[in-house]
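Following: one structure in structure tokens, then a few remarks.
The values are calculated or read from the model by the stated rules, or taken from the named source; none is laboratory data. In this text, all values refer to a predicted model and were calculated from it rather than measured experimentally. When we count neighbours, we look across all protein chains shown, and the Cβ atoms used for this are built from the backbone with ideal geometry, even at glycine. Ligands, DNA and RNA are excluded from the accessible area calculation, which covers all protein heavy atoms including side chains. Shrake-Rupley method; radii C 1.70, N 1.55, O 1.52, S 1.80 Å.
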Amino acid sequence: MENLNCFVAVEFVDDENVKGYTYWYLCTFANAEENDEVIAPLGRHNGEQKGVIRRVLFAEDGNAPYPVQYIKKIRKLIKRED
């Protein structure tokens, strides 16, 4: 999967203001899966919040689900426990 980036759609289930919405992020962690938790910046002040990965997409920058110049990065991946 050369030249492909990992993009993840994250839902912040503990934040009533954005619960039910997903936000796309660039994920540099190779083993990210749906239902894993992440720490990611949210909002214009980039406050860190815990969210849940709802979708994983591998794509080139030109096919990113959100304009790459505006996309934020996942800061920490928390693997789910099976």
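Brief remarks follow.
- The modelled label-to-label distance for the pair ILE71/LEU26, using points 7 Å beyond Cα in the direction of Cβ, is 0.8 nm.
- In terms of accessible area, using a 1.4 Å probe and ignoring ligands and nucleic acids, GLU37, GLU81, GLU16 rank largest first as GLU81, GLU16, GLU37.
- Carbon/sulfur fraction of accessible area - the chain, other protein chains in place, 1.4 Å, %: 43
- Cα gyration tensor category, rounded, prolate or oblate, for the stretch 24-81 with a/c compared to 1.5: oblate
- Based on Cα contacts under 8 Å between residues 6+ apart, the chain shows a relative contact order of 38 percent.
- The mean accessible area for residues of the stretch 1-51, using a 1.4 Å probe and ignoring ligands and nucleic acids, is 62 Å² per residue.
- Prolate/oblate/rounded label for the stretch 4-55 (Cα gyration tensor, a/c 1.5): prolate
- HIS45 versus LEU4: modelled label distance in nm, points set 7 Å from Cα along the beta carbon direction: 3.9
- Note on LYS76: accessible area approximately 110 square angstrom, rounded to 10, probe 1.4 Å, nucleic acids and ligands left out.
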